[in-house]
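Novice: Questions regarding the structure given below will be posed in turn.
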Protein chains: 2
Amino acid sequence: METRYKKSRQREKMLELLRATESHPSADWIYERLKKDFKNLSMGTVYRNLGILIDQGFVRKIDFGSTFDRFDANVTRHYHFVCEKCGAISDVEMPFDDALNRKAGRVGNFEVRSHRIEFFGVCRKCGK
Amino acid sequence: METRYKKSRQREKMLELLRATESHPSADWIYERLKKDFKNLSMGTVYRNLGILIDQGFVRKIDFGSTFDRFDANVTRHYHFVCEKCGAISDVEMPFDDALNRKAGRVGNFEVRSHRIEFFGVCRKCGK
DNA sequence: AGCTATAATGATAATCATTCCGAGTATTGA
DNA sequence: TCAATACTCGGAATGATTATCATTATAGCT
C-alpha cells in the first residue's frame, strides 16, 4: 500500500486543467484537452492519474459507488443508505423533504424538480 | 412513442421478483433468479423489460443519470445540480447539512459517515 | 555526473455492463 | 383462424474502464 508517487508532467497538467474548470468533466473530456500538450497521450494514463489524484485527495469521483445499475420496485420517494463495505443498498425511512428543492433552486437560480439523497456508512451486518 | 405493450410471462415474473425483495438488485441478480423459471432467458430480455417496467412507472433505476464517471477538483463538501436536458453538473452553493447524517442514522440504526445530495431539474441555459 | 530502483508512459488487449440486431415465437384483436 | 406486431433468445456490437507490458522518466544516492 505504501506508494511514493513520482511527479509526472501529465498528471500536473491534469490537475491544473481540473482546477480551472467547474464543468465536472469526464475522463474523455480530460483526454481531449490534455492531448493538445501530449500528442501521444493514452486513455490509460488519464484513468491511472485520476486514480492517483483521488488517492491524494485532490480530486473526487462523482459516481454511485457501484459499477452497475440497481433497480427498485419501491417507487415512492425515499432516500437510500449504501454500505461502504458490502455495497448493500437499503431504504431510509425518513420523511421526504420537499422544501429542499425550493431551497436549492433559490440558491442556484435554476428550476429544481427533484432531488436524491444517498447516505454512506456501515450497515448493521458489517458493523459486527 | 405510442407503444402498446403486450404481456409477457418473463416480465410479469420479473415484477413479482422485484416487488418481493428490498435488496435493490442488479440486472444480473434478476437474470440469475429468473433463469430458474426460464432456462433459456437472455440478458437482453432482462434489460428490455426493466426499461419497460420503468416506462410503466413500476420500477426505478438508481443511477447517476450518466453512463460515464465525472470528476471534481472541488473537494470541499458540497451538493450537485444535474441538468436533465444537457447533463451539465454544477455545484449548489448551499450549506452542507451535517445534522442529516445523525438524523438518518437514528432512523435506520446504522452508522452514517457521509451523505450526498443531487438536485435534478433544468439549468438556466436549457430553460430558455 | 553516472547508477539504481521504481513509478509513469503509451499502445494494446481484456473486461464488464449494457445495448443492438435478426430470425423465430407469443399475444392481441378482429 | 388470421394478420399485425410485441416479445423471445442468442450472439454480436458498443462504450467506459481496467490490466498488461515493454520502454521511458524521475528521484535519491555516491
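Novice: Pairs needed: first member in region B:39-65, within 12 Å of chain A (Cβ to nearest Cβ) and under 10 Å from B:ARG11 (Cα atoms); second member anywhere, near DNA strand C (Cβ under 8 Å from one of its atoms) and not in a loop (DSSP other than H, G, I, E, B); C-beta distance under 6 Å; at least 6 residues apart or different chains.
Specialist: Close Cβ pairs satisfying both conditions: B:VAL46/B:ALA27.
Novice: Scan B:PHE68, B:PHE96, B:PHE110, B:PHE81 and give me the residue that is away from DNA strand C (no atom under 16 Å from the Cβ) and surrounded by fewer than 16 Cβ atoms within 10 Å (Cβ to Cβ).
Specialist: Only one candidate qualifies: B:PHE96.
Novice: While we're here: Those residues that are more than 8 Å from chain B (Cβ to nearest Cβ) and of a type in the set (Asp, Glu), I need them from region A:66-83; list them, please.
Specialist: Correct list: empty.
Novice: Any idea which residue in region B:1-23 is farthest from DNA strand D (Cβ to nearest atom), counting only those that are farther than 30 Å from A:GLU93 by Cβ and not in a helix (DSSP H, G or I)?
Specialist: Ranking the candidates gives B:MET1 first.
Novice: Tell me, please, whether a residue that is more than 11 Å from every other protein chain (Cβ to nearest Cβ) and over 30 Å from B:MET14 (Cβ atoms) can be found in region A:99-107.
Specialist: Checked against the condition, which is being more than 11 Å from every other protein chain (Cβ to nearest Cβ) and over 30 Å from B:MET14 (Cβ atoms), region A:99-107 yields at least one hit.
Novice: Another question, then. Name the residues in region B:24-74 that are small (Gly, Ala, Ser), touching an Asp or Glu at 6+ places or on another chain (Cβ under 8 Å) and within 30 Å of A:ILE52 (Cβ to Cβ), would you?
Specialist: B:SER26, B:GLY65
Novice: Also, I was wondering about something else. Residues of region B:24-65 being outside any helix (DSSP H, G or I), among the hydroxyl-bearing types (Ser, Thr, Tyr) and surrounded by 13 or more Cβ atoms within 10 Å (Cβ to Cβ), which ones?
Specialist: B:SER26, the sole residue that qualifies.
Novice: Right, another one. What about A:GLU84, is it closer than 30 Å to B:TYR31 by Cα, out of contact with any Asp or Glu (no Cβ under 9 Å at 6 or more places or on another chain) and in contact (Cβ under 8 Å) with a residue 12 or more places away in the chain?
Specialist: For A:GLU84, the condition - closer than 30 Å to B:TYR31 by Cα, out of contact with any Asp or Glu (no Cβ under 9 Å at 6 or more places or on another chain) and in contact (Cβ under 8 Å) with a residue 12 or more places away in the chain - is met.
Novice: Consider only pairs whose beta carbons are under 7 Å apart and that are at least six residues apart or on different chains; among these, list those whose first residue lies in region B:13-37 and is farther than 19 Å from A:HIS80 by Cα and without any contact (Cβ under 8 Å) to a residue 40 or more places away in the chain and whose second residue is open to solvent by less than 90 Å² (accessible area, probe 1.4 Å) and of a type in the set (Lys, Arg).
Specialist: Filtered contacts from region B:13-37: B:LEU34/B:LYS13; B:ASP37/B:LYS13.
Novice: Same structure again: Tell me which residues, restricted to region A:10-36, are over 17 Å from A:GLY57 (Cα atoms) and more than 12 Å from chain B (Cβ to nearest Cβ).
Specialist: A:GLN10, A:GLU32, A:ARG33, A:LEU34, A:LYS35, A:LYS36
Novice: Consider B:ARG70 carefully, then state whether it is free of Cβ contacts under 8 Å to residues at least 12 places away in the same chain and under 21 Å from the mean Cα position of the chain (by Cα).
Specialist: No: the conditions fail for B:ARG70.
The values are calculated or read from the model by the stated rules, or taken from the named source; none is laboratory data. All of these numbers come straight from a predicted model, not from anything done at the bench. Neighbour counts run over all protein chains shown; Cβ positions are idealised from the backbone, glycine included. Side chains are part of the model used for accessible areas, which takes the heavy atoms of the whole protein and leaves out ligands, DNA and RNA. Shrake-Rupley method; radii C 1.70, N 1.55, O 1.52, S 1.80 Å.
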